[in-house]
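Heads up: the structure comes next, in C-alpha cells.
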Amino acid sequence: MTTSTQKRVNEQPDLASTDEASIPDVLLAWDNVFKGLKVKFKSHTKVVLSDFHLSVKAIIVMLISMMALVCIGIIVWVTLLVGLVYGLMTLGISWVWCMITVLGLNCIALMVVKRIYNSAITSIGMKTSADLIFSSDHHSDNK
C-alpha cells in the first residue's frame, strides 16, 4: 500500500459502526414516527368531524328554511283559493263550479310544478349514469 492509499483508508470513518443502528434506536425512531402520524391523523380527524358537524347543521338549517317557505307558500295559495271561491260565490256562482275552478287551478299548478321538476332533474346530468345503473338492459347483460 502506498502512503496516499493509507491516508484515504485512515480518513474514511468505519462504515460498519455508522451503518448499523442499535435496535433500541430503530424502535425509538419508529415510535416517534408512529406518534407523529397518530397526532397528524387525530388533528385531521378533528377537522373532518368539525366540517361534518358544520355541514349537518347547514343542511338542517336549509331544510327548516325550505319547510318554512313551503308552509308560507301553501298558506298564500290556500288564501288565494279561498278568496277566489268567496268572490265567485258572491257573484252567485254555484259552489260546485267554485270547487271545479279550485280543482282546475290546483291541477294546472301541479302540472307547472311537475314540468319545473322534470327540467331540473334533466339538467342535473346524472340521467345517463342513473339509466346505466337502474335499467333492466344493463342487468340482462350480466346474465
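The values are calculated or read from the model by the stated rules, or taken from the named source; none is laboratory data. In this text the structure is predicted, and so the values were computed from the model without any measurement. Quick reminder, even Gly has a Cβ in these numbers, built from the backbone with ideal geometry, and neighbours come from all protein chains shown.
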Screening Ile75, Ile93, Ile60 for residues that are surrounded by 10 or more Cβ atoms within 10 Å (Cβ to Cβ) and outside any helix (DSSP H, G or I) leaves only Ile93
Selected residue (criterion: farthest from Val82 (Cα to Cα)) from residues of segment 92-134 that are small (Gly, Ala, Ser) and modelled with pLDDT of 70 or more
Ser123
If the Cβ limit is 9 Å and pairs must be 6+ apart or interchain, which residue in segment 98-119 that is in a helix (DSSP H, G or I) pairs with which residue that is of a type outside the set (Val, Ile, Thr) and loosely packed, with under 10 Cβ neighbours inside 10 Å?
none
Can you give me the number of residues within segment 21-51 that are surrounded by 10 or more Cβ atoms within 10 Å (Cβ to Cβ) and either touching a strand residue (DSSP E or B) at 6+ places or on another chain (Cβ under 8 Å) or part of a loop (DSSP other than H, G, I, E, B) (or both)?
1
